[in-house]
Amino acid sequence: MTQVLVLNGPNLNLLGIRQPEVYGATTLADIDELCRQTGAELGAEVTCFQTNHEGVLIDRIHAARTEYAGIVLNAGAYTHTSVALMDAIKSVDLPVVELHLSNIHAREPFRHKSWIAPVAIGQICGFGAAGYALALRALLGHIEAQA
Ligand code: DQA
């Protein structure tokens, strides 16, 4: 079975409570369940992990190299700041789909810049929690096409 990782960054543990007008009412636990269900439908096993720490995200990306076929990554605010995350993705030979609940391009200018986008196979944003299912479909389609 294809193993994929859904990696969530800072403040996403507070989904459902945090700015629901921007990020919706769905909790991270609900999103994790949606991801596992979508994976099962598509014949993949999905592992979900969230951390508020940049270095832990980097460690998980490094470890993913030997454990997973690809990653869906919502790096939260580190998307807009972290050259280290971009380098981590570049350092492992894994397809990464960049994911955001909100449409970062329709928000404040500082959110328009993504350090992840140049090293991702693609970006999905603006579809709320449903975007995770779209991202998994895109990632698994890509993995299958490469096989
Ligand atoms: C986010 C968008 C980021 O700009 C923000 O810092 C987040 C969440 C999103 O999912 O829409 O924490 O990645």
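The values are calculated or read from the model by the stated rules, or taken from the named source; none is laboratory data. Remember, it's a predicted structure, so these values are computed and weren't measured experimentally. Note that each Cβ is placed from the backbone with ideal geometry, even for glycine, and that neighbours are counted across all protein chains shown.
Does the stretch 84-99 include one or more residues that are out of contact with any Phe, Trp or Tyr (no Cβ under 8 Å at 6 or more places or on another chain) and either within 10 Å of the ligand (Cβ to nearest atom) or modelled with pLDDT under 95 (or both)? Yes, the conditions are met somewhere in the stretch 84-99. For Ile143, state whether it is of a type in the set (Val, Ile, Thr) and either assigned to a strand (DSSP E or B) or within 10 Å of the ligand (Cβ to nearest atom) (or both). When the stated conditions are applied, Ile143 does not pass them.
Does Ile58 satisfy being within 15 Å of the ligand (Cβ to nearest atom), assigned to a helix (DSSP H, G or I) and under 14 Å from the mean Cα position of the chain (by Cα)? Judged against the criteria, Ile58 is not a match.
Residue by residue, here is whether (1) farther than 15 Å from Arg137 by Cβ; (2) more than 15 Å from the ligand (Cβ to nearest atom); (3) polar (S, T, N, Q); (4) exposed (fewer than 15 other Cβ atoms within 10 Å of the Cβ) holds:
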position: Glu41; (1), (2), (3), (4): no, yes, no, yes
position: His53; (1), (2), (3), (4): yes, no, no, yes
position: His62; (1), (2), (3), (4): yes, yes, no, yes
position: Ser82; (1), (2), (3), (4): yes, no, yes, no
position: Glu108; (1), (2), (3), (4): yes, no, no, yes
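Considered as a group, the residues in the stretch 65-80 that are more than 10 Å from the ligand (Cβ to nearest atom) and among the hydrophobic types (A, V, I, L, M, F, W, C) include one that is surrounded by the most Cβ atoms within 10 Å (Cβ to Cβ), and that residue is Val72.
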